[in-house]
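Below you'll find the structure I mean.
The values are calculated or read from the model by the stated rules, or taken from the named source; none is laboratory data. Predicted model, so just to flag it, every value in this text is computed and none were measured. Positions of Cβ are generated from backbone atoms using ideal geometry, with glycine treated the same way; all protein chains shown enter the neighbour counts. Protein only, heavy atoms only, side chains kept; ligands, DNA and RNA dropped before computing areas. Shrake-Rupley method; radii C 1.70, N 1.55, O 1.52, S 1.80 Å.
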Amino acid sequence: MKQALISAARARAHDDVPIGAVIVCDGKIIARGENRVQQRMDPTLHAEIVAIRRACAKTGKKFLDGCDIYVSLEPCAMCATAISFARIQNVYFAAADAKGGGIMSNARIYETDRHLWRPCVHQMPEYADASAAMLREFFAQRRKK
């Protein structure tokens, strides 16, 4: 999760919402991602999507069976669905997202009976404060502009 927070800081450095993700397979990081929505003017370039694309390119596979994803913020419904489509085994996230979360806070997409693949979901509350603080600071600075 520390590496996901480092990726989040990279997103902040190019004026994107500070959210980061890493994908781990066999105990090793195989891909990192950070939000690139503002940088690339593409609303689909959330940290999870960037990491999934990089992991698939690195492995040469469309499915990431046996891999885990660590995300600094609870994935939105779009990212949660992409995680499911990629067949990622476990989702670990730091801070819950009461407004946009797609797993536990809002859409709860894995609770529907129509999902073909449901990863195991784990919140890591020991990292929630660091993630939330980074997000609060980012949006406070944005409001000042």
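Based on the Cβ-Cβ distance from Gln89 to Ala132, what FRET efficiency comes out when R0 is 25 Å, to the nearest 0.05? Provide the component values of the computation, followed by the final result.
On the way: r = 26 Å, r/R0 = 1.04.
After rounding, the FRET efficiency stands at 0.45.
Rank Val37, Ala55, Ala21 by how far each Cα sits towards the positive end of the charge dipole of the chain (+1 on Lys, Arg Cβ; -1 on Asp, Glu Cβ) and give me just the farthest.
Farthest towards the positive pole: Val37.
Could you work out the local net charge near Gln39, counting Lys and Arg as +1, Asp and Glu as -1, over the other residues with Cβ closer than 13 Å to its Cβ?
0
Enter the angle in degrees (range 0 to 90, nearest 10) between the Cα long axis of helix 47-59 and the first principal axis of the Cα atoms of the chain, meaning the one along which they spread out most.
40 degrees
Determine the dipole magnitude for the range 23-145: charges of +1 sit on the beta-carbon of Lys and Arg, -1 on that of Asp and Glu, nothing else is charged, the reference point is the Cα centre, and the result goes in debye to the nearest 20.
Computed about the Cα centre, the dipole is about 600 debye.
I've got another one for you. With a 1.4 Å probe and all protein chains left in place, how much accessible area per residue does the range 5-137 have, in Å²?
Accessible area per residue, the range 5-137: 51 Å².
With an 8 Å Cα cut-off and a minimum separation of 6 or more residues, compute the relative contact order for the chain in percent.
20 percent
Students sometimes get this wrong: rank Phe93, Phe139, Phe85 by accessible area, probe 1.4 Å, all chains present, largest first.
Of Phe93, Phe139, Phe85, the descending order of accessible area is Phe85, Phe139, Phe93.
Sticking with this structure for a sec: Relative to the longest principal axis of the chain, what angle (0 to 90°, nearest 10) does the C-alpha long axis of helix 128-144 take?
Tilt relative to the chain: about 50 degrees.
Please work out the FRET efficiency for the pair Lys144 and Ser105, using the Cβ-Cβ distance as r and a Förster radius of 30 Å; give the result to the nearest 0.05.
0.65
How big is the antiparallel share of DSSP beta bridges in the chain, given as a percent to the nearest 5?
55 percent
Classify the range 62-145 as rounded, prolate or oblate, taking a ≥ b ≥ c as the square roots of the eigenvalues of its Cα gyration tensor: rounded when a/c is under 1.5, otherwise prolate if a/b is larger than b/c and oblate if not.
Prolate, because a/c is 1.5 or more and a/b exceeds b/c.
Once you've got the Cα coordinates, tell me which of Lys2/Lys99; Lys62/Lys99; Lys28/Lys61; Lys99/Lys145 are over 27 Å apart. Working shown, then result.
Details: Lys2/Lys99 24 Å; Lys62/Lys99 30 Å; Lys28/Lys61 17 Å; Lys99/Lys145 23 Å.
In this structure, Lys62/Lys99 lie more than 27 Å apart at Cα.
Something else about it: Can you sort Arg142, Arg40 by solvent-accessible area, 1.4 Å probe, largest first?
Putting Arg142, Arg40 in descending order of accessible area: Arg40, Arg142.
Right, another one. So, with a 1.4 angstrom probe, what is the percent of accessible area on the range 1-62 that is carbon and sulfur?
Here it works out to 53 percent.
Could you compute the FRET efficiency for Asp65 and Arg40, with r as their C-beta to C-beta distance and R0 at 35 Å, rounded to 0.05?
0.80
Just the isolated ones, please: cysteines in the chain lacking another cysteine beta carbon under 4.7 angstrom.
Cys56, Cys76, Cys79, Cys120
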